[in-house]
Amino acid sequence: MSKTLLDKVWEAHTVRKLPNGATQLLIGTHLIHEVTSPQAFGMLRDLGLKVLYPQRTFATVDHIVPTDEREEPFSDPLADEMIKALRANCDEFGIKFFDLPTGAQGIVHIVGPEQGITQPGTTIACGDSHTSTHGAFGAIAFGIGTSQVRDVLATQTMALHKPKVRRINVDGKLAPGVYAKDVILHIIRKLGVNGGIGYAYEYGGSTFDNFTQEERMTVCNMSIEGGARVGYVNPDDTTFDYLKGRPFAPKAEEWDAAVARWRSFASDPDATYDDVVNFRAEDIGPTITWGINPGQAIFIDENVPTPAELPEKDRATAEEALVHMNLAPGKPIKGTKVDVAFLGSCTNGRLSDLTEVARFVKGRKVKDGVKAIVVPGSQGVSQIAEKMGLAEIFRDAGFEWRGAGCSMCLGMNPDKLVGHQLCASSSNRNFKGRQGSPTGRTVLMSPIMVAAAALTGEITDAREVFDIK
Amino acid sequence: MALEKITQVTGRGVYVPGEDIDTDRIIPARFMKCITFDGLGEFAFYDERKAADGSLKPHPLNEERYVGAKFLLSGSNFGCGSSREHAPQALYRYGFRAVIAESFAEIFFGNSITLGMPCAVMAHDDIQALAGLIESDPAILITLDLLEGKVTAADMDFPATLPPHAKEALVQGKWDAIADLLESVDEIKNVASGLAYFKAA
């Protein structure tokens, strides 16, 4: 019988059926960070348990690290306590830690792929909902809670229920100025922030076939924003080329066998799906959010919706969103004043994001009064970007060039909005308070649109600012 | 490690209206700078309840008449967003023992069950009716009966469901999976040894 990638990976990792009907699934690769792991290690100690396979857990520090000071102790004593706790836990249990001094630290979802730890046909778990990112390699990757982090540490398994699979096809060629970020924002807008509950999203079609590995990561990253805990793309040569030569990728003598194995995990051509949704790339424009969840999105040249014209179920949230965002219904969002521009995060903090934006901001200047920051997703990204001269381009244009971390994606480090500030952000969540100020406002968009906002001081169409045709 | 068999929850309730209530609202990220879950209860819905100057905003959890509620009622897609277990931990430590909503985000749902906090799905109109009962008499006792699949309040009852696996886990006292998972270490090693990438490590 023909199978999806999810079927094949699930079968290969099933340990047994548990008494309540759940599957005990082996988690081949476990990634941890400082926020959701300390309590899990505490639980292990309370239960007198060890880490079963310490060599299959990898740690980094990302959420709480300041991006403008690297000296320890950090000025925030709580952040300092958290990095020290992770260090002590990794030491005690024998876990590899991509710590700050290693030069390989970064956001967990950027470090895994960059190190070649993320591989096709594997299962991955991490105490972070954006773990779906790793699905871009044809892995089945779950965001998990802290008790499950404990479960994986102690048993390398979790109790899980197999999701249904929705195939999402995007075919055709994206227009100039339209990026992977626009594709996923568009998908979430159309299918809803809860449309993916109970599903894994399998992304495919010619648009995905032509995407780079990093573009696929951007899309898979935000699967959870559409309610799908898991999102993936079938592995192909693009995936294998990306992995070749990376530190934890199979070495030369094992390479061909690994590629053959990886290829075999891809969904069979005649696989059947629980649901199929089709999009045309040509129908997608630069997409930005106007509200307080990632599904509240419009094309840049559309007007902010009028709640009365929305389906009844969406009206209350829309009203709440308009109040929070201080936006007028029925009016263009273009021209809205921007206070902060944030380029970074596990969604769009990769080298290709920085390279693409640098091409356009070279020789231009950030608008007076706008705070614009660029936060590379990892020290690895940062090092290459500096060598390529990208850091200099950004600095010359008036952006602050920061150290690697989650930064302004969430309010756990000193990079926060203040008061009602409005942020043009390349991150993944526009929830109320997400960027550190309870009244702060987030507008999600592609990196190029963030750059256009930084340069003009307002929400604007990057295609016009940069003459992209 | 014997866990309580959770077949029924009884207590008072509070209705927090809204769709897509996300985990950043349930527990703002700045309160996750901690290495234990102790004390998270007081930060549940913090920014919804308090203004920047510490003054109280209008919010059901700030109303004296709902203090001590064990049931939290809300709209659809409750708990969307981050995987932070801090969210259900904060609700549990605040004093909630069950959540009733039209639907739940998946990771939040799993995290809650693991704590022994049932998340039951009720129809929109039924939640409105139950919220109406609570509004008119906040002291009214609500009972969630997992075996019967219903919620009772005053002389009314409403269908209230959990997926079969979650219901079984709660009523059998197996809502924390760790004991079951630990039983099969030999099988785990067996499956692991068959995976090329696992062996190579």
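The values are calculated or read from the model by the stated rules, or taken from the named source; none is laboratory data. Keep in mind that this is a model prediction, so the values were computed, not measured. Methodologically, a virtual Cβ is constructed for each residue, glycine included, from the backbone with ideal geometry; neighbour enumeration extends over all protein chains shown. Note: accessible area is taken over every heavy atom of the protein model, side chains too, but ligands, DNA and RNA are not part of it. Shrake-Rupley method; radii C 1.70, N 1.55, O 1.52, S 1.80 Å.
Being in contact with a Leu (Cβ under 9 Å, 6 or more places away or on another chain), open to solvent by less than 10 Å² (accessible area, probe 1.4 Å) and more than 25 Å from B:Gly194 (Cβ to Cβ) is true for just one of A:Ser147, A:Ser132. Which residue is that?
Unique residue meeting the criteria: A:Ser147.
Answer with yes or no whether B:Ile27 is closer than 26 Å to A:Asp151 by Cβ and more than 10 Å from chain A (Cβ to nearest Cβ).
yes
Quick one: which residue in B:Ala105, B:Ala101, B:Ala90 is closer than 19 Å to A:Pro163 by Cα, within 14 Å of chain A (Cβ to nearest Cβ) and surrounded by 23 or more Cβ atoms within 10 Å (Cβ to Cβ)?
It is B:Ala105.
Give the residues of segment A:94-128 that are away from chain B (no Cβ under 11 Å) and out of contact with any helix residue (DSSP H, G or I) (no Cβ under 7 Å at 6 or more places or on another chain), sorted by residue number.
Matches in segment A:94-128: A:Leu100, A:Pro101, A:Thr102, A:Val108, A:Val111, A:Gln115.
Looking at the structure I just gave you, is A:Val178 within 13 Å of chain B (Cβ to nearest Cβ), modelled with pLDDT of 95 or more and at negative phi?
For A:Val178, the condition - within 13 Å of chain B (Cβ to nearest Cβ), modelled with pLDDT of 95 or more and at negative phi - is not met.
Hey, which of the strands (runs of 3 or more DSSP E) in segment A:122-161, taking only ones fully inside, have at least 3 residues that are within 17 Å of B:Phe109 (Cα to Cα)?
So the answer is A:157-160.
Do we have any residue at all in segment B:134-143 that's under 10 Å from the mean Cα position of the chain (by Cα) and closer than 21 Å to B:Pro163 by Cα?
No, every residue in segment B:134-143 fails to be under 10 Å from the mean Cα position of the chain (by Cα) and closer than 21 Å to B:Pro163 by Cα.
How many residues are in a loop (DSSP other than H, G, I, E, B), of a type outside the set (Asp, Glu) and crowded, with 24+ Cβ neighbours inside 10 Å when one looks only at segment A:412-423?
Within segment A:412-423, residues that are in a loop (DSSP other than H, G, I, E, B), of a type outside the set (Asp, Glu) and crowded, with 24+ Cβ neighbours inside 10 Å number 3.
Would you confirm whether any residue within segment B:127-135 is at the interface with another protein chain (Cβ under 9 Å from one of its Cβ atoms) and surrounded by fewer than 18 Cβ atoms within 10 Å (Cβ to Cβ)?
no
List pairs: first residue in segment B:169-191 and closer than 12 Å to A:Pro19 by Cβ, second residue small (Gly, Ala, Ser) and open to solvent by 70 Å² or more (accessible area, probe 1.4 Å) anywhere in the structure, Cβ distance under 8 angstrom, at least six positions apart or on different chains.
Between residues of segment B:169-191 that are closer than 12 Å to A:Pro19 by Cβ and residues that are small (Gly, Ala, Ser) and open to solvent by 70 Å² or more (accessible area, probe 1.4 Å), the close pairs are B:Gly173/B:Ala2.
Every residue in segment B:152-189 that is more than 8 Å from chain A (Cβ to nearest Cβ) and closer than 30 Å to A:Gly116 by Cα, please.
B:Asp186, B:Lys189
Given A:Lys331, A:Lys313, which one is of a type outside the set (A, V, I, L, M, F, W, C), more than 14 Å from chain B (Cβ to nearest Cβ), open to solvent by 40 Å² or more (accessible area, probe 1.4 Å) and more than 26 Å from the chain's Cα centre (by Cα)?
A:Lys331
Output yes when any residue across segment A:218-235 is away from every other protein chain (no Cβ under 12 Å), over 14 Å from the mean Cα position of the chain (by Cα), part of a helix (DSSP H, G or I) and not β-branched (Val, Ile, Thr), and no when none is.
Within segment A:218-235 (the criterion being away from every other protein chain (no Cβ under 12 Å), over 14 Å from the mean Cα position of the chain (by Cα), part of a helix (DSSP H, G or I) and not β-branched (Val, Ile, Thr)), the answer is no, since none of the residues qualifies.
Residue-wise test of (1) of a type outside the set (D, E, K, R); (2) free of Cβ contacts under 8 Å to residues at least 60 places away in the same chain; (3) open to solvent by less than 20 Å² (accessible area, probe 1.4 Å); (4) touching a strand residue (DSSP E or B) at 6+ places or on another chain (Cβ under 8 Å).
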position	(1), (2), (3), (4)
A:Leu153	yes, no, yes, yes
A:Lys162	no, no, no, yes
A:Asp171	no, no, no, yes
A:Ile187	yes, no, yes, yes
A:Tyr232	yes, no, yes, yes
A:Asp237	no, yes, no, no
A:Pro247	yes, no, no, no
A:Glu254	no, yes, no, no
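Got a number for residues in segment A:58-115 being assigned to a helix (DSSP H, G or I), buried (at least 16 other Cβ atoms within 10 Å of the Cβ) and aliphatic (A, V, I, L, M)?
Total meeting the criteria: 9.
Go through segment B:32-52 and count every residue that is open to solvent by 10 Å² or more (accessible area, probe 1.4 Å), touching a residue at least 40 places away in the same chain (Cβ under 8 Å) and closer than 20 Å to B:Phe78 by Cα.
The total comes to 2.
Quick one: what pairs do we get from segment A:396-423, first residue facing chain B (nearest Cβ under 10 Å) and without any contact (Cβ under 8 Å) to a residue 24 or more places away in the chain, second among the hydroxyl-bearing types (Ser, Thr, Tyr) and assigned to a loop (DSSP other than H, G, I, E, B), C-beta under 7 Å, 6+ apart or different chains?
A:Gly419/A:Ser437; A:Gly419/A:Thr439
Can you say whether A:Thr146 is farther than 19 Å from A:Ser382 by Cβ, touching a Ser or Thr at 6+ places or on another chain (Cβ under 6 Å) and among the polar types (S, T, N, Q), as far as the supplied structure shows?
The answer is yes for A:Thr146.
Among the residues of segment B:45-83, write down those that are hydroxyl-bearing (Ser, Thr, Tyr) and not in a loop (DSSP other than H, G, I, E, B).
Listed by number, the residues that qualify are B:Tyr46, B:Tyr66.
Can you tell me how many residues within segment B:151-189 are open to solvent by 60 Å² or more (accessible area, probe 1.4 Å) and part of a strand (DSSP E or B)?
Here the count works out to 4.
Read through the list (1) open to solvent by 40 Å² or more (accessible area, probe 1.4 Å); (2) more than 8 Å from chain A (Cβ to nearest Cβ); (3) modelled with pLDDT of 95 or more, then give the number of the only condition that B:Pro17 fails.
(2) is the only condition that B:Pro17 fails.
Output the residue which, of all residues in segment B:190-201 that are at the interface with chain A (Cβ under 7 Å from one of its Cβ atoms) and at pLDDT 95 or above, is farthest from B:Val99 (Cα to Cα).
B:Leu195
Can you name the number of the only condition in (1) of a type outside the set (S, T, N, Q); (2) in contact (Cβ under 8 Å) with a residue 12 or more places away in the chain; (3) within 12 Å of another protein chain (Cβ to nearest Cβ) that A:Gly48 fails?
(2)
Here's the yes/no breakdown for (1) open to solvent by less than 10 Å² (accessible area, probe 1.4 Å); (2) in contact (Cβ under 8 Å) with a residue 40 or more places away in the chain; (3) more than 10 Å from chain B (Cβ to nearest Cβ); (4) of a type in the set (Val, Ile, Thr):
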position: A:Ser427; (1), (2), (3), (4): yes, yes, yes, no
position: A:Gly440; (1), (2), (3), (4): yes, no, yes, no
position: A:Val443; (1), (2), (3), (4): yes, yes, yes, yes
position: A:Ala453; (1), (2), (3), (4): yes, yes, yes, no
position: A:Ile459; (1), (2), (3), (4): yes, yes, yes, yes
position: A:Phe466; (1), (2), (3), (4): no, yes, yes, no
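Return the pairs, sorted by first residue and then second, in which the second residue is surrounded by 20 or more Cβ atoms within 10 Å (Cβ to Cβ), the first residue lies in segment A:348-369 and is on the phi > 0 side of the Ramachandran plot, the beta carbons are less than 8 Å apart, and the residues are 6+ apart or on different chains.
The qualifying pairs are A:Gly363/A:Ala397.
Give me the pairs, please: first residue somewhere in segment B:65-76 and free of Cβ contacts under 8 Å to residues at least 24 places away in the same chain, second residue anywhere and open to solvent by less than 10 Å² (accessible area, probe 1.4 Å) and in a strand (DSSP E or B), beta-carbon distance under 6 Å, and either six or more positions apart or on two chains.
Nothing qualifies.
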